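Trainee: Below you'll find the structure I mean.
The values are calculated or read from the model by the stated rules, or taken from the named source; none is laboratory data. Given the structure is predicted, the values throughout are model-derived calculations rather than measurements. So basically every Cβ, Gly included, is an ideal-geometry build from the backbone, and we count neighbours across all protein chains shown.
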Amino acid sequence: MIACLTVAAQNTPKSAAEAFYKFDRLHSQNFNRQNIDLRKQYFSPELYRLFLNELKRESAYLKKNPGDKPYFGDGLPFQPLQEKCEDGPSGHYRGLVIKQEFQQAARSVVTATFAYPKPCRQSEPVVYTIGMIKSGGKWVIDDINYGEDTSLKQRLQRKEY
């Protein structure tokens, strides 16, 4: 029954991204095997493989440099750091809006816009462009572009740690 709900929640690129972020925002952001495996159903096989490879690279790096911060030391790379805007007594966190931008056959692009509500416009919205593919009958994340010069896959495939 749960598997049916998961597949149903991933029948469009937008709904798949929404399901992923709903899950991601409720769970630990620590970069480790357990948290990557918890999100595995939302990743393309290649992206999952790259994450496992990164864990091996991180382990080797930390053995040689035990006091250093690892590459993904700030946590999983799916959303900006959750900094609270201190406007009013309770403060606010960034909201999230997912929008489908493009789809052709088994490839799609959605955007994830992270923004504070109006009373808190302490920073511009952060927009991630998410490449999705259809794999095993469901839409999954294949890559994320952070609006910078590299994507998640490029970071995971970098030559040097």
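Trainee: Go through segment 103-117 residue by residue and tally those that are of a type in the set (A, V, I, L, M, F, W, C) and either closer than 14 Å to Ser15 by Cα or within 15 Å of the chain's Cα centre (by Cα) (or both). Let's see the steps before the verdict.
Mentor: Initial filter on segment 103-117 (of a type in the set (A, V, I, L, M, F, W, C)): 105-106, 109-110, 112, 114-115.
Subset that is either closer than 14 Å to Ser15 by Cα or within 15 Å of the chain's Cα centre (by Cα) (or both): 109-110, 112, 114.
Residues flagged as of a type in the set (A, V, I, L, M, F, W, C) and either closer than 14 Å to Ser15 by Cα or within 15 Å of the chain's Cα centre (by Cα) (or both) within segment 103-117 amount to 4.
Trainee: Which residue, of Glu124, Glu54, is loosely packed, with under 14 Cβ neighbours inside 10 Å and more than 23 Å from Ala16 (Cα to Cα)? Break it down stepwise before answering.
Mentor: Details: Glu54 fails: loosely packed, with under 14 Cβ neighbours inside 10 Å.
On inspection, the qualifying residue turns out to be Glu124.
Trainee: Also: Look at Leu76 and say whether it is aliphatic (A, V, I, L, M), surrounded by fewer than 16 Cβ atoms within 10 Å (Cβ to Cβ) and either within 25 Å of Leu26 (Cα to Cα) or under 16 Å from the mean Cα position of the chain (by Cα) (or both). Spell out the reasoning first.
Mentor: Working: aliphatic (A, V, I, L, M): yes; surrounded by fewer than 16 Cβ atoms within 10 Å (Cβ to Cβ): no; either within 25 Å of Leu26 (Cα to Cα) or under 16 Å from the mean Cα position of the chain (by Cα) (or both): yes.
When the stated conditions are applied, Leu76 does not pass them.
Trainee: Please work out which residue is surrounded by the fewest Cβ atoms within 10 Å (Cβ to Cβ), limiting yourself to segment 18-30 and to residues that are over 11 Å from the mean Cα position of the chain (by Cα) and not in a helix (DSSP H, G or I).
Mentor: Leu26
Trainee: Could you list, in sequence order, all residues of segment 87-115 that are in contact (Cβ under 8 Å) with a residue 12 or more places away in the chain, out of contact with any strand residue (DSSP E or B) (no Cβ under 9 Å at 6 or more places or on another chain) and loosely packed, with under 12 Cβ neighbours inside 10 Å?
Mentor: Gly88
Trainee: Could you please find all residues in segment 31-43 being polar (S, T, N, Q) and surrounded by 13 or more Cβ atoms within 10 Å (Cβ to Cβ)?
Mentor: So the first thing to find is which residues in segment 31-43 are polar (S, T, N, Q), and the list is 32, 34-35, 41.
Within segment 31-43, Asn32, Asn35, Gln41 qualify.
Trainee: Would it be correct to say that Pro66 is of a type outside the set (S, T, N, Q) and at pLDDT below 95?
Mentor: Values: of a type outside the set (S, T, N, Q): yes; at pLDDT below 95: yes.
Yes.
Trainee: Across segment 118-161, what is the number of residues that are of a type in the set (S, T, N, Q) and within 17 Å of the chain's Cα centre (by Cα)? Outline the logic, then answer.
Mentor: Going through segment 118-161, the residues of a type in the set (S, T, N, Q) turn out to be 122-123, 129, 135, 145, 150-151, 154, 157.
Add one more test, that the residue is within 17 Å of the chain's Cα centre (by Cα), and what stays is 129, 145, 150-151, 154, 157.
Residues in segment 118-161 being of a type in the set (S, T, N, Q) and within 17 Å of the chain's Cα centre (by Cα): 6 in total.
Yes/no matrix, rows are residues, columns are (1) at pLDDT 95 or above; (2) in contact with a Phe, Trp or Tyr (Cβ under 6 Å, 6 or more places away or on another chain):
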position	(1), (2)
Arg57	yes, yes
Ala60	yes, no
Leu76	yes, yes
Ser90	no, no
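Trainee: Hey, another quick one. Of the residues that sit in segment 138-153 and are of a type outside the set (A, V, I, L, M, F, W, C) and modelled with pLDDT of 95 or more, which one is surrounded by the fewest Cβ atoms within 10 Å (Cβ to Cβ)?
Mentor: Filtering segment 138-153 for residues of a type outside the set (A, V, I, L, M, F, W, C) gives 138, 142-143, 145-151, 153.
Among the residues that remain, those that are also modelled with pLDDT of 95 or more are: 138, 142-143, 145, 151, 153.
Details: Lys138: 19, Asp142: 21, Asp143: 19, Asn145: 18, Ser151: 18, Lys153: 16.
The qualifying residue surrounded by the fewest Cβ atoms within 10 Å (Cβ to Cβ) is Lys153.
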